[in-house]
Amino acid sequence: MAFLRRKKPSFEGGGLVLFEDVQDAMTAEKVLKEAGYAVKLVAPPPELRRGCDLALEMNLVEQPGIERALKEKDAAYVSVAPLRVGTSELLEIVKATDFGEQMMVRAGNMKLSFDKASGVIVNVSGGGCPDIPFLHSELIDRRLSDVARPRDIGFTLCALMLDRALEECLALWQGGEQR
Amino acid sequence: MMLIAGTVPIRGLPLTMGRPALEGDDLVVEGRRIPCAQGTGAMISAALAVADYLKLEAPQVLVAGDTGQGKGSREIYEYLIEKVGDISPQVVALHYCLPIMALMNRLCESVQRCPRKVLMIADAGSMYAAKAAGLASRFDVFTPDAAEMAFLADPDATHPAYIARHLFDADIGQTPDLVAAAYRHKNAARLLLVKGAVDYVVDGGGIVATVDEPDVPALEAVGGTGDTITGLVAAFLYAGLEPQEAAIIAARSNRMAGKFAGATPATRVRQIVEQLQAVFKEHLCQWSGVCCATGGQQ
């Protein structure tokens, strides 16, 4: 069957990268567009202004990948914030469920389970972004302390939540459950 | 036709459409192997199990490789935006995709122009995009878990990572409150199947059923068991069941497959999928009235 060529991506929105000055915003726009991200220079709403009157609108779901791309190119920015006023802070809390031989930790929409004796990751569940099935295959059957961090190899907020779950699993395993 | 669309974690896999077949532990679509693992692969596998059992036409699947940067997701959105009217499916189940609100908006517009009603189901990133873009009410079925239900209930969140803490803290017993909030803010599909220790089936804002047996707590930890539920709902809808009934039987089937598999947190989702045929054979007739002498004919 014939497939379509990719069209110029539509703008996606939902988040803002905030800057101290205009030059930083323009540098970041160039860096991110070269990395394949859809971004747009906009004026931030007054309540989100941190310095200059330019911000980059971006797909909030891509926050980890975008921040990593900026850091890799030493492109200065202040922070990333949800565009919608009233949006809550990024979730910091986690919850653990003890299944006996295994422990499951939930952070946001992500859950990571490990074997309490060996520290081996036995499952990853939840999430909805396309890096999660990839991270699932990368993490499963490997020891908590040996895996690449989802925040370093993933690109989305789901990956960031999975990283938080992994961090808590490491703390639980190394802090008391390791045998 | 039942159409299942979503990304798969295979770098470089081009946009591919075709009928899947199960070969060993993998699905094969147009000669390309896709693991029956968490994500779209699990969803397809469950839908295929229903189609096999009921002797239905296998689902058409539209997949593309994407490991998080969104290229495959965009290819899927763009292809469907352009072609969904020509494909004219009866059921569309959208799954793991980078949530891109603008593209979801265009896709919903294309679906509205289809010559006949399309039953629209969304889970995972596609559900996030639909809610964040204010398009939830265009969908017939969402299948959130507890955290995702809190996301639907939060009018400002564009991703479950940004939900209000008090909503995240809500336990499954508070699902009715979250459901009410989601409908109040028009952030719910017509029917919700909320997956959790108790599964809630909600139609138009009213809870019409709960499913809590068999109780297999470990299923929450098994990656892909939410995906299989969505695949089951899609296939039962395609088989002609009413949405409420499709949701109830999907929830029961998934739980029973977990029980048959003796699920632990270390179980793989393909072990759950492998039990579905036995579950249907033993229970589907009683649950749904879809009865057959040899496990096939309706």
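The values are calculated or read from the model by the stated rules, or taken from the named source; none is laboratory data. For clarity, every value in this text was computed on a predicted model and none was experimentally measured. In this analysis, Cβ positions are derived from the backbone assuming ideal geometry, glycine residues included, and neighbour counts consider all displayed protein chains.
Go through B:GLY125, B:GLY39 for me and flag whichever is closer than 26 Å to B:PHE151 by Cα, in contact with a helix residue (DSSP H, G or I) (Cβ under 6 Å, 6 or more places away or on another chain) and facing another protein chain (nearest Cβ under 7 Å).
Working: B:GLY125 fails: in contact with a helix residue (DSSP H, G or I) (Cβ under 6 Å, 6 or more places away or on another chain).
Just a single option satisfies the conditions, and that option is B:GLY39.
Looking at (1) more than 8 Å from chain B (Cβ to nearest Cβ); (2) farther than 19 Å from B:GLY196 by Cβ, can you tell me which one A:PRO133 breaks?
The one condition A:PRO133 does not meet is (1).
Strands (runs of 3 or more DSSP E) wholly in the range B:126-241 with at least 3 residues that are surrounded by 22 or more Cβ atoms within 10 Å (Cβ to Cβ) and modelled with pLDDT of 95 or more - which ones? Break it down into steps so the answer makes sense when it comes.
Working: elements: B:191-194, B:199-203, B:206-211.
Passing ranges, in order: B:191-194, B:199-203.
Restricting the search to the range A:151-162, which residues are under 8 Å from the mean Cα position of the chain (by Cα) and either part of a helix (DSSP H, G or I) or over 19 Å from B:ALA124 (Cβ atoms) (or both)?
In the first step, residues of the range A:151-162 are kept if they are under 8 Å from the mean Cα position of the chain (by Cα); the result is A:151, A:154-161.
Correct list: A:ARG151, A:LEU157, A:CYS158, A:ALA159, A:LEU160, A:MET161.
Just name the residue that is modelled with the highest pLDDT out of those in the range A:36-68 that are closer than 20 Å to B:GLY125 by Cβ and of a type in the set (A, V, I, L, M, F, W, C).
First, pick out the residues of the range A:36-68 that are closer than 20 Å to B:GLY125 by Cβ: A:36-39, A:57-68.
So of that shortlist, the ones also of a type in the set (A, V, I, L, M, F, W, C) come out as A:38-39, A:58, A:60-61, A:66.
Details: A:ALA38: 89, A:VAL39: 91, A:MET58: 93, A:LEU60: 92, A:VAL61: 92, A:ILE66: 96.
Of everything passing the filter in the range A:36-68, A:ILE66 is modelled with the highest pLDDT.
Can you confirm whether the range A:141-153 contains a residue that is within 18 Å of B:GLY224 (Cβ to Cβ) and of a type in the set (S, T, N, Q)?
no
When the residues of the range B:77-105 are filtered to those that are polar (S, T, N, Q) and on the phi < 0 side of the Ramachandran plot, which remaining residue is farthest from the other protein chains (Cβ to nearest Cβ)? Talk me through it step by step, then tell me what you get.
Filtering the range B:77-105 for residues polar (S, T, N, Q) gives B:88, B:90, B:105.
Okay, now just the ones that are also on the phi < 0 side of the Ramachandran plot, so B:90, B:105.
On the way: B:GLN90: 20, B:ASN105: 9 Å.
This residue is B:GLN90.
I need the full set of residues from the range B:68-99 which are in a loop (DSSP other than H, G, I, E, B), crowded, with 19+ Cβ neighbours inside 10 Å and over 18 Å from the mean Cα position of the chain (by Cα), in order please. Step through it out loud before you land on a result.
Applying the first criterion (in a loop (DSSP other than H, G, I, E, B)) to the range B:68-99 yields B:68-70, B:88-90, B:95-99.
Adding the requirement that they be crowded, with 19+ Cβ neighbours inside 10 Å leaves B:68-70, B:89, B:95-99.
If the condition is that a residue be in a loop (DSSP other than H, G, I, E, B), crowded, with 19+ Cβ neighbours inside 10 Å and over 18 Å from the mean Cα position of the chain (by Cα), then B:GLY68, B:GLN69, B:GLY70 are the ones that fit.
So, in the range B:188-202, how many residues would count as being in contact with a Pro (Cβ under 7 Å, 6 or more places away or on another chain) and more than 24 Å from B:ALA261 (Cβ to Cβ)?
2
Which residue is surrounded by the fewest Cβ atoms within 10 Å (Cβ to Cβ), if the candidates are limited to the range A:80-99 and must be more than 27 Å from A:ARG68 (Cβ to Cβ) and more than 9 Å from chain B (Cβ to nearest Cβ)?
A:ASP98
Is at least one residue of the range B:46-66 within 12 Å of chain A (Cβ to nearest Cβ) and either modelled with pLDDT under 95 or in a helix (DSSP H, G or I) (or both)? Walk me through how you get there before you give the answer.
Within the range B:46-66, the first condition is being within 12 Å of chain A (Cβ to nearest Cβ), and the residues that meet it are B:60, B:62-66.
Remaining after also requiring either modelled with pLDDT under 95 or in a helix (DSSP H, G or I) (or both): none.
No, the range B:46-66 contains no residue that is within 12 Å of chain A (Cβ to nearest Cβ) and either modelled with pLDDT under 95 or in a helix (DSSP H, G or I) (or both).
Restricting attention to the range A:12-44, report how many residues are part of a loop (DSSP other than H, G, I, E, B) and either touching a strand residue (DSSP E or B) at 6+ places or on another chain (Cβ under 8 Å) or within 14 Å of chain B (Cβ to nearest Cβ) (or both).
Step one: filter the range A:12-44 for residues part of a loop (DSSP other than H, G, I, E, B), giving A:12-13, A:19-21, A:35-39, A:43-44.
Filter once more, keeping what is either touching a strand residue (DSSP E or B) at 6+ places or on another chain (Cβ under 8 Å) or within 14 Å of chain B (Cβ to nearest Cβ) (or both): A:12-13, A:19, A:35-39, A:43-44.
Of the residues in that region, 10 qualify.
Report the residue count in the range B:100-114 for those that are outside any helix (DSSP H, G or I), buried (at least 17 other Cβ atoms within 10 Å of the Cβ) and not aliphatic (A, V, I, L, M). Let's see the steps before the verdict.
The initial filter retains those residues of the range B:100-114 that are outside any helix (DSSP H, G or I), namely B:100, B:113-114.
Next, from what is left, pick out any that are buried (at least 17 other Cβ atoms within 10 Å of the Cβ): B:100.
The next check asks that each one be not aliphatic (A, V, I, L, M); those that pass are none.
Residues in the range B:100-114 being outside any helix (DSSP H, G or I), buried (at least 17 other Cβ atoms within 10 Å of the Cβ) and not aliphatic (A, V, I, L, M): 0 in total.
With respect to A:ALA81, is the statement that it is closer than 21 Å to B:ALA150 by Cα, among the small types (Gly, Ala, Ser) and touching a Cys at 6+ places or on another chain (Cβ under 9 Å) true?
Working: closer than 21 Å to B:ALA150 by Cα: yes; among the small types (Gly, Ala, Ser): yes; touching a Cys at 6+ places or on another chain (Cβ under 9 Å): no.
Answer is no for this residue.
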